[in-house]
Amino acid sequence: PSQIGILACELYVPPLYVDQAELEAYDGVSQGKYTVGLGQLKMSICSDHEDICSLCLTALQRLLDETGVHPQHIGRLDVGTETILDKAKSIKSYLMQLFVEHGNSQVEGVDNLNACYGGTAALFNAIHWCESSFWDGRYAVVVMGDIAVYSKGNARPTGGAGACALLIGPNAPIVFESGCRSTHMEHVYDFYKPDLTSSYPYVDGQLSVQCFIQSLDLCYSSYCTKSQMNLDNSSATSSKEVNLSSFLGVCFHTPYSKLAQKSLARLYLNDLARQCSYIQSQEQLDKYKNIDLRACIADKNVEKDLLEWSRELFEQKTLPALHFSKNMGNMYTPSLYFSLFSSIASHSCDELYGRRFLLFSYGSGLASSMYSLVCRRVHETRFTLLSIQRSIQRAKQKLDQQRIRLPPASVDQLLEMREHSQHKGK
Ligand code: ACO
């Protein structure tokens, strides 16, 4: 099979949210800390009527309904989540209900776990199955979702919730670029959940941000080398440098929007250090040509320069990706994919055809990868960019017009209720 990629998507937006400005007042922090400092406007929350199974079941059922794909035509289902209900039973097994009731129990795949990276791991598994000798000609589906909650304190406003389901197969309008992928993984305690009776992680917030940025540097450097080699091999013409200008959109795993802006700024610093040819400013090139990237990860002066210099690039390439994240918060595993779809929805199909997107996935602990996608005009299939955009628009409408605002005090109550009810048996 060729041109494997995303054929269709379904995004699930939980119906409840809390306003971040109200949360600032309620928490007694300085005005602007969450809305400007973190760049967050609203945070999705789930009541006791929802859990990770209901989120994933809804996303998957709607994907099947909207695309009209019969459950028997799915041969693989990979799930990514870190919202753990059971230490052995997978969320995938709950989702099998939607297949078995239609006489299909032949669906490979189980859950993938590594903090926010599980969705990407699930997606890679689905792609690899389609590319392998074990592919049986049917579609793959990837479902990812999380309810991200933190104990009371400075991490709580970076919670959120959401889920999405992706239909994967050949002749897709959004294709994974072959050979263009890099990875950095290592052992670190930046965010982890050792207390199996609690949904709350243990977090070293500053360490997690530094690990994120360092992984970004390492993935970008090796992504550029690999993808440039790929381009050199595939074209007879002279080699073309890979840099930020190669992409229509640049999407990141987004724990909070400000970190996505800092990430884009960081990639611009990488491009400065590589003296990339699209950069016009000699002053900027001179200032950072010999920068030691590893030594300046927490350097606020460098960060300030780069945020300012990359503002225009950020507004073009990353800001359009942040609509869902700003209004839903950190969704953990699906966060990167809500960013991608937000970006896809912000362009017309004609603007998208032939254009590339760069994606960076990060899961604490840690696992990270960078890869790219390209949009294409497809023929003789109902799975088009336009049908993907329509599905994203439905989710945006729900996000912008059909949610219920809860007062911050209810968030505490809901979370306390969850603390008492979770992991209490079957
Ligand atoms: N107006 C404008 N900006 C403000 C204000 C204000 N009134 N008050 C503070 N700020 C700024 C700060 O200057 C800071 O900016 P900077 O990041 O550019 O320095 C920002 O708001 C955040 O303020 P801090 O005091 O640094 O925030 P705090 O330490 O309380 O918490 C953190 C931030 C670490 C992100 C915390 O929310 C957390 O631990 N979250 C969970 C971990 C996380 O999301 N890590 C990311 C990668 S891993 C993952 O995805 C889970």
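Brief remarks on what is shown
- Checking every residue in segment 289-305 against the condition of being within 16 Å of the ligand (Cβ to nearest atom), under 14 Å from Leu358 (Cα atoms) and in contact with a helix residue (DSSP H, G or I) (Cβ under 8 Å, 6 or more places away or on another chain) gives zero matches.
- Among the conditions (1) without any contact (Cβ under 8 Å) to a residue 60 or more places away in the chain; (2) under 19 Å from the mean Cα position of the chain (by Cα), the only one that Gln413 does not satisfy is (2).
- Count of segment 44-95 residues which are farther than 21 Å from Thr381 by Cβ and basic (Lys, Arg): 3
- Restricting the search to helices (runs of 4 or more DSSP H) fully inside segment 320-426 and requiring at least 2 residues that are closer than 28 Å to Tyr189 by Cα and away from the ligand (no atom under 16 Å from the Cβ) gives 408-421.
- In segment 133-156, the residues that are within 14 Å of the ligand (Cβ to nearest atom) and either free of Cβ contacts under 8 Å to residues at least 40 places away in the same chain or not in a strand (DSSP E or B) (or both): Val149, Tyr150, Ser151, Lys152, Gly153, Asn154, Ala155, Arg156
- Residue that is nearest to the ligand (Cβ to nearest atom) [pool: residues in segment 1-18 that are closer than 17 Å to Gly159 by Cα and crowded, with 19+ Cβ neighbours inside 10 Å]: Val18
- The C-beta contact set for segment 361-385 (first residue among the β-branched types (Val, Ile, Thr), second residue part of a loop (DSSP other than H, G, I, E, B) and buried (at least 24 other Cβ atoms within 10 Å of the Cβ), distance under 7 angstrom, 6+ apart or interchain) comprises Val378/Pro173; Thr384/Pro173.
- Of the residues screened, Tyr117 is one that is among the aromatic types (Phe, Trp, Tyr) and touching a strand residue (DSSP E or B) at 6+ places or on another chain (Cβ under 8 Å).
- Any chance Thr183 is more than 27 Å from His323 (Cβ to Cβ), in a helix (DSSP H, G or I) and of a type in the set (Val, Ile, Thr): no
- Condition check for Ala59: modelled with pLDDT of 95 or more, touching a strand residue (DSSP E or B) at 6+ places or on another chain (Cβ under 6 Å), within 27 Å of Gln402 (Cα to Cα) and among the small types (Gly, Ala, Ser): yes
- Leading residue by the ranking (surrounded by the fewest Cβ atoms within 10 Å (Cβ to Cβ)) among those in segment 262-312 that are aromatic (Phe, Trp, Tyr) and closer than 21 Å to Cys219 by Cβ: Tyr278
- Residue in segment 242-252 that is part of a loop (DSSP other than H, G, I, E, B) and either without any contact (Cβ under 8 Å) to a residue 60 or more places away in the chain or in contact with a His (Cβ under 6 Å, 6 or more places away or on another chain) (or both) present: yes
- Top-ranked residue in segment 19-65 [being within 15 Å of the ligand (Cβ to nearest atom) and β-branched (Val, Ile, Thr); ranked as farthest from Val175 (Cα to Cα)]: Val29
- Pairing each residue of segment 207-220 that is within 17 Å of Leu359 (Cα to Cα) and within 12 Å of the ligand (Cβ to nearest atom) with any residue that is of a type in the set (D, E, K, R) and in a helix (DSSP H, G or I), provided the two are 6+ apart or on different chains, yields C-beta distances under 9 Å for Ile213/Lys262; Ile213/Arg266; Gln214/Arg294; Leu216/Arg266.
- Single residue of segment 157-181 satisfying the filter (of a type in the set (Gly, Ala, Ser) and more than 16 Å from the ligand (Cβ to nearest atom)) that is farthest from Val374 (Cα to Cα): Ala163
- Test: residue in segment 269-286 that is at negative phi, within 16 Å of the ligand (Cβ to nearest atom) and modelled with pLDDT of 95 or more: yes
The values are calculated or read from the model by the stated rules, or taken from the named source; none is laboratory data. This is a predicted model, so every value here is computed, not measured. Neighbour counts are summed over all protein chains in view; Cβ atoms, including those assigned to glycine, are modelled from backbone coordinates with ideal geometry.
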